[in-house]
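Notes for the one structure printed next.
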Amino acid sequence: MLHLIPTPIGNLEDITLRALRLLKEVDLILAEDTRTSKKLLDHYEITTPLRAYHAHNEHNITENLVEQLKGGARMALISDAGMPGISDPGFLLTRSCVQEGVKVECLPGATAFVPALVASGIPCDKFHFEGFLPHKKGRQTRLSYLAELPVTFVLYESPYRLVKCLEQLAAHCGADRLACVARELTKMHEEVRTASLEELIAYYGQQAKVKGEIVVVVSGQPA
């Protein structure tokens, strides 16, 4: 069986009792970055063997992992933070398991875009999750598409490209469009700032250095 286990996005207390139990019980933990995951496992005194599973090796080792799972092995798949498969490795292995009849169990838990969306104060009854935009090719096309959506949309962005992203959003959506930047969620310096794109550009444009994982929430096109 394959267990998909979300890990804390910041605060190490944001993990379920069930997740901790399974991480101790499985035969192997597949981790996006074993060095990052070891900090979490050491914190909870979990000694289960670790193996790297990430974008650079998943195409080469997935078939072998599925064969082990078909043979009765139990594995847990975790990413550096949040839910595996959401803008992180996990889909390829999950799909292969489903296709080969290997049971897949996904635990509920931490993921960055949900608390950012809910805490923004921007309508969240309906929304579009975009994840990371293309860096170059296709980026303007996606921005044009998103700007026309009548519902809230959610992006992930690097702190190094945040201001540029906000400027591009303002160019496509209008500078007065309501948006939110959420960063360092669940950590000591958590910040959730909701304002117009113009105001967000002014605020983050004067910051010497923006840190942390970034979620950008943008309100839909007004009717």
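The values are calculated or read from the model by the stated rules, or taken from the named source; none is laboratory data. The structure presented is a predicted model; accordingly, all values stated were derived computationally and were not measured. Here the Cβ is made from the backbone with ideal geometry for all residues, glycine too, and neighbour counts use every protein chain on show. The protein model used for the area step is the full one, side chains on, heavy atoms only, and it has no ligands, DNA or RNA in it. Shrake-Rupley method; radii C 1.70, N 1.55, O 1.52, S 1.80 Å.
Rounded, prolate or oblate for segment 66-124? Axes are the square roots of the Cα gyration tensor eigenvalues, ordered a ≥ b ≥ c, and the cut-off for rounded is a/c under 1.5.
Prolate, because a/c is 1.5 or more and a/b exceeds b/c.
Relative contact order of segment 30-91, please, whole-number percent, based on alpha carbon pairs below 8 angstrom and at least 6 residues apart.
Result for segment 30-91 is 44 percent.
Given the options 207, 168, 68, which has the most mean-square fluctuation in a GNM of the chain, springs set between C-alpha atoms less than 10 angstrom apart?
With Cα springs under 10 Å in the chain, the top fluctuation among 207, 168, 68 is at 207.
What is the diffusion coefficient of segment 173-223 in µm²/s, taking the Kirkwood radius over Cα pairs and the Stokes-Einstein relation at 4 °C with a viscosity of 1.567 mPa s?
111
For segment 87-140, which trypsin sites (Lys or Arg not before Pro) are in a loop by DSSP, counting at most 12 other Cβ atoms within 10 Å? Could the numbers behind the result be given before it?
Values: sites: 95, 103, 126, 136, 137, 139; in loops: 103, 126, 136, 137.
Here the trypsin sites (Lys or Arg not before Pro) that fit, given the DSSP loop and packing criteria, are 103, 126, 136, 137.
Please report the accessible area of residue 21 (heavy atoms, 1.4 Å probe, ligands and nucleic acids excluded) in Å², nearest 10.
110
Let me cross-check residue 74: its accessible surface, 1.4 Å probe, with only protein heavy atoms counted, in Å² to the nearest 10?
Here the accessible area works out near 80 Å².
On a 19 Å Cα-Cα criterion, which of the cross-link pairs 164/187; 187/211; 39/187; 38/209 come out too long?
Values: 164/187 25 Å; 187/211 12 Å; 39/187 16 Å; 38/209 28 Å.
The pairs that break the limit, which is 19 Å between Cα atoms, are 164/187; 38/209.
Hey, in the GNM for the chain with a 10 angstrom Cα cutoff, which one of 195, 112, 179 fluctuates hardest?
195
Pull up the DSSP beta bridges for segment 67-223 and report the antiparallel fraction as a percent, rounded to 5.
That works out to approximately 75 percent antiparallel.
Let me check I have the definition right: for segment 106-214, take the eigenvalues of the Cα gyration tensor, multiply each by 5, take square roots. What are those semi-axes in whole Å, largest first?
Gyration-tensor ellipsoid for segment 106-214: 20, 18, 14 Å.
How much of the pair distance distribution for segment 1-97 lies past 18 Å, counting alpha-carbon pairs only, in percent? Provide the component values of the computation, followed by the final result.
On the way: 1769 of 4656 pairs.
Of all Cα-Cα distances in segment 1-97, 38 percent exceed 18 Å.
Summing Lys, Arg as +1 and Asp, Glu as -1, what charge do residues with Cβ under 9 Å from the Cβ of residue 10 carry, residue 10 excluded? Show your work: numbers first, answer last.
On the way: positive: 187; negative: 14, 184, 190, 213.
Cβ neighbours under 9 Å give a net charge of -3.
What's the angle, to the nearest 10 degrees (0 to 90), between helix 58-70's Cα axis and the longest principal axis of the chain?
Roughly 40 degrees, rounded to the nearest 10.
Fully extended, how many nm does the chain gain between residue 16 and residue 87 (0.36 nm per residue separation, minus their Cα-Cα distance)?
Working it through step by step, the gained length comes to 23.4 nm.
Going Cα to Cα from residue 24, which aspartates and glutamates come in below 19 Å? Please leave out same-chain ones fewer than 8 positions away.
13, 14, 32, 33, 42, 45, 80, 105
Sorted from largest down, what three extents in whole angstroms do the Cα atoms of segment 52-174 have along their principal axes?
55, 31, 24
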